[in-house]
1. Among 243, 104, 4, whose Cα sits farthest toward the positive end of the charge dipole of the stretch 4-442 (+1 at Cβ of Lys/Arg, -1 at Cβ of Asp/Glu, about the Cα centre)?
2. For the stretch 222-233, just list the computed ³J(HN,Hα) in residue order, Karplus coefficients 6.51, -1.76 and 1.60, θ = phi - 60°, integers in Hz, with x standing in for Gly and Pro.
3. I want the local charge near residue 234. Using Cβ-Cβ distances under 15 Å, sum +1 for each Lys or Arg and -1 for each Asp or Glu among the other residues.
4. Between residue 231 and residue 350, what's the calculated FRET efficiency when r is the beta-carbon distance and R0 is 35 Å? Round to 0.05.
5. Aspartates and glutamates within cross-link reach of residue 12: Cα-Cα under 20 Å, excluding same-chain residues under 8 positions apart?
6. Determine the equivalent ellipsoid of the chain by diagonalising the alpha-carbon gyration tensor, then write out the semi-axes as square roots of 5 times the eigenvalues, largest first, rounded to whole Å.
7. Can you give the extra length, in nm with one decimal, that the chain gains between residue 188 and residue 282 once fully stretched, where that is 0.36 nm per residue apart less the Cα-Cα distance?
8. Can you list the aspartates and glutamates whose alpha carbon is less than 13 Å from that of residue 285, not counting same-chain residues fewer than 8 positions off?
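The values are calculated or read from the model by the stated rules, or taken from the named source; none is laboratory data. Bear in mind that the values here come from a model prediction, so they are computed numbers and not experimental data. No Cβ is skipped: glycine too gets one built from the backbone with ideal geometry, and neighbour counts run over all protein chains shown. Keep in mind that these areas ignore ligands, DNA and RNA; they rest on the heavy atoms of the full protein, side chains included. Shrake-Rupley method; radii C 1.70, N 1.55, O 1.52, S 1.80 Å.
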Amino acid sequence: MIKASDFGDDFKWGVATAAAQIEGSAVEYGRGPSIWDTFSARSGKIKKGHKLDVACDFYHQYKEDIALVKFLGFKVFRFSISWSRILPNGKGEVNQQGITFYHNVIDECLLNGITPYITIYHWDLPQALENEGGWTSFSINSAFNAFVSICATAYGDKVKNWIVINEPFGFTSLGYMLGIHAPGKTGLNNFFSAALHTALAQAEGGKILRSEVSNANIGTTYSCSEIIPYTQSDNDVLAAKRVDCLMNRLFVEPAQGLGFPTANWDVLEKFQIEYGTWRLNDRMKFDFDFIGLQNYFPLTVKYNAFIPVIQAWEVKAKSRKKPHTAMGWEISAVSFHNIIKQFGTYPNIKNIIITENGAAYHDKIVEGKIDDQERIAYFELYLAALLEAKNEGLNITGYMAWTLLDNFEWAEGFTTRFGLVYTDFKTQKRTIKNSGYWWKEFLKT
Ligand code: BGC
């Protein structure tokens, strides 16, 4: 059995959340609408027509929820700032009630000996900016930079740990290429222009934080998945390389001054030429103090000529009879280990924090308890793999579990539960799951 102390005394143990998924009070206290408010109002976009209006009501219950973080024994609380709560129109006039709310959250953390990690952008773009083209528009960069600067000025004296963007590949692909997340746009042109502006935003946001927050510890996060070819045929191996470019390399390489990873995929080569992205290589570069890695599943892929552009197809865990979570995501601690190692080979990555990792299951309350043994087994497996990777010499300095509370799981609405704490969405009652108690014991060891 591994112990928390095996990771060393300075290792940061935390739990992560995001504004849109927990806050609620979507139309109150001066907040403007975000793309997720608009998207969830469109019929058929979110399972069961769920909306974010109340979510976990963190806006009103943040004190109790931070008390839970403390009770579970975590020393780090990661949360994000809702852009449209600070700037209801995305730019221009600042909503003072929004500024005050995050001061309250930060102060409550500090009072309880918990270090806040702020994510500046976790997917909830103000609708007013989406009306101007959102991430596909060049004007997004000046608006984002102004937002970063407002956050840095307001909170930089108290908060030293910053994450510029949460999973750029996640929101640009799901929201601007596949249309299954807000704002629901589709197509390669939307995706590539969103990707370019996001790659610029991550670096420029980092530079602003560096100049405006003294002693800042600045990172950004990436989703990552080991990509495994279904067979060793050339076609499958090349398909896996293309998917790797897209899912793992697309944003981390520009940040390191390497530009977009064009070598293994001619479509990216074309994108770089059409958009002249190589001219922006310097602007997309930023020397992050840490990289946040977020891992949920590996992907096994197969060549498929009928799939436009990427010509690759996922062979699902279920069809291969592999263990998986309620999301259908394959459970593989070996792949977790391998993908951390893959990111660890970049010479400019100095420090890795796992900023999200966790699992959804069909939790049920039985006699007031949630006995989520599968989730406990998942954490045990993944933490053992993490320790192995750390002991091999990778500079891994923290781990944040996803997530504190069952919450609004984007297009899945409230149907999918990832929390260490069960949320009854009718009464807002919180019940700590057995996995939460497992963490409490683990963190004492
Ligand atoms: C996102 C979270 C999300 C989690 C589980 C990550 O991609 O950052 O917001 O809830 O995955 O799907």
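1. Positive-end residue among those listed: 243.
2. 10, 6, 8, 8, 5, 9, 10, x, 5, 10, 8, 5
3. Values: positive: 241, 242, 302; negative: 236.
After counting each charged neighbour, the total is +2.
4. On the way: r = 37 Å, r/R0 = 1.05.
E between residue 231 and residue 350, to the nearest 0.05, is 0.45.
5. 65, 107, 108, 289, 356, 380, 388, 392, 441
6. Rounded to whole Å, the semi-axes are 30, 27, 22.
7. 31.4 nm
8. 204, 253
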